[in-house]
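A.B. asks: Input: one structure, supplied below.
Just so it is clear, none of the values below were taken in a lab; they were calculated from the coordinates. Computed from a predicted model, the values in this text were never measured in an experiment. In this analysis, Cβ positions are derived from the backbone assuming ideal geometry, glycine residues included, and neighbour counts consider all displayed protein chains.
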Amino acid sequence: MSYHAPPMHPPAHTTNAVDLSEGRVLIVDDNTQNLELIQAFMESLPCQLSLAHDGLEALAQIEKDRPDLVLLDVMMPKMSGFEVCQRVKANPATRETIIIMVTALHELGDMERAVECGCDDFVSKPVNKVELLTRVRGLLSLRLLKKQMASFLADRGVD
């Protein structure tokens, strides 16, 4: 006599255990149309949004506001997304910030350079709304869970 487990069915609906309204997202692009498009896509998520128009403005906002996630254009005047990412990841106070590069670059060398700078993920232009929201939702949830865990451990005196 053999036993067969009943088939596993995924739940009819899943709930997001993480409250994304606690999340802060910075969108950085020097092209106003791209900035507005990504902002419009992101408004379906309950997170707090802020905008920057170039790399220098992005660094200043990251230092001041400490966003959880940055959607970062690569090709910008004054300072490229690669440089911004490298500086954010090199700073102990901001290195946990999730950075998603939003890029029209499709060359392998560009992808390698982004990874070397510390980028967490990529979204290609033209931006697909479903892809963008899926990646942001997943990585922002992970970032917020890490912050909750760090707070929980700090409250208990664990390093």
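A.B. asks: Counting only other residues whose beta carbon sits under 9 Å from that of Ser50, what net charge do I get with K and R as +1, D and E as -1?
C.D. replies: So the surrounding residues net to 0.
A.B. asks: Just the isolated ones, please: cysteines in the chain lacking another cysteine beta carbon under 4.7 angstrom.
C.D. replies: Cys47, Cys119
A.B. asks: Sticking with this one: Count the DSSP beta bridges whose two residues both fall in the stretch 20-155, then state the antiparallel fraction as a percent rounded to the nearest 5.
C.D. replies: 0
A.B. asks: Name the longest site-free stretch of the chain, where the excluded sites are GluC sites (Glu not before Pro) in a DSSP loop with no more than 12 other beta-carbon atoms within 10 Å.
C.D. replies: Here the longest segment lacking exposed loop sites spans 44-106.
A.B. asks: Modelling each spin label as a point 7 Å along the Cα-to-Cβ direction, I'd like the Ser151/Asp19 distance in nm, to one decimal.
C.D. replies: Going from the Ser151 label point to the Asp19 one covers 0.8 nm.
A.B. asks: Additional query: Extending each Cα 7 Å along its Cβ direction at Glu36 and Ala93, get the distance between those two points in nm, one decimal.
C.D. replies: 3.5
A.B. asks: Going by the alpha-carbon gyration tensor, a ≥ b ≥ c the square roots of its eigenvalues, is the stretch 83-159 rounded (a/c under 1.5) or, if a/c is not under 1.5, prolate (a/b greater than b/c) versus oblate?
C.D. replies: oblate
A.B. asks: Of the listed values (i) 1.07; (ii) 1.11; (iii) 0.96, identify the label whose number matches Rg/Rh (Cα atoms, Kirkwood Rh) calculated from this model.
C.D. replies: Answer by label: (i).
A.B. asks: What is the magnitude of the charge dipole of the stretch 45-159 about its Cα centre, with +1 placed on the Cβ of each Lys and Arg, -1 on the Cβ of each Asp and Glu, and no other charges, expressed in debye to the nearest 20?
C.D. replies: Roughly 340 debye for the stretch 45-159.
A.B. asks: Using the Cα centre of the chain as origin and beta-carbon charges of +1 (Lys, Arg) and -1 (Asp, Glu), tell me which of Asn128, Leu105, Ser21 is placed farthest towards the positive end of the dipole.
C.D. replies: Result: Ser21, furthest along the dipole toward the positive end.
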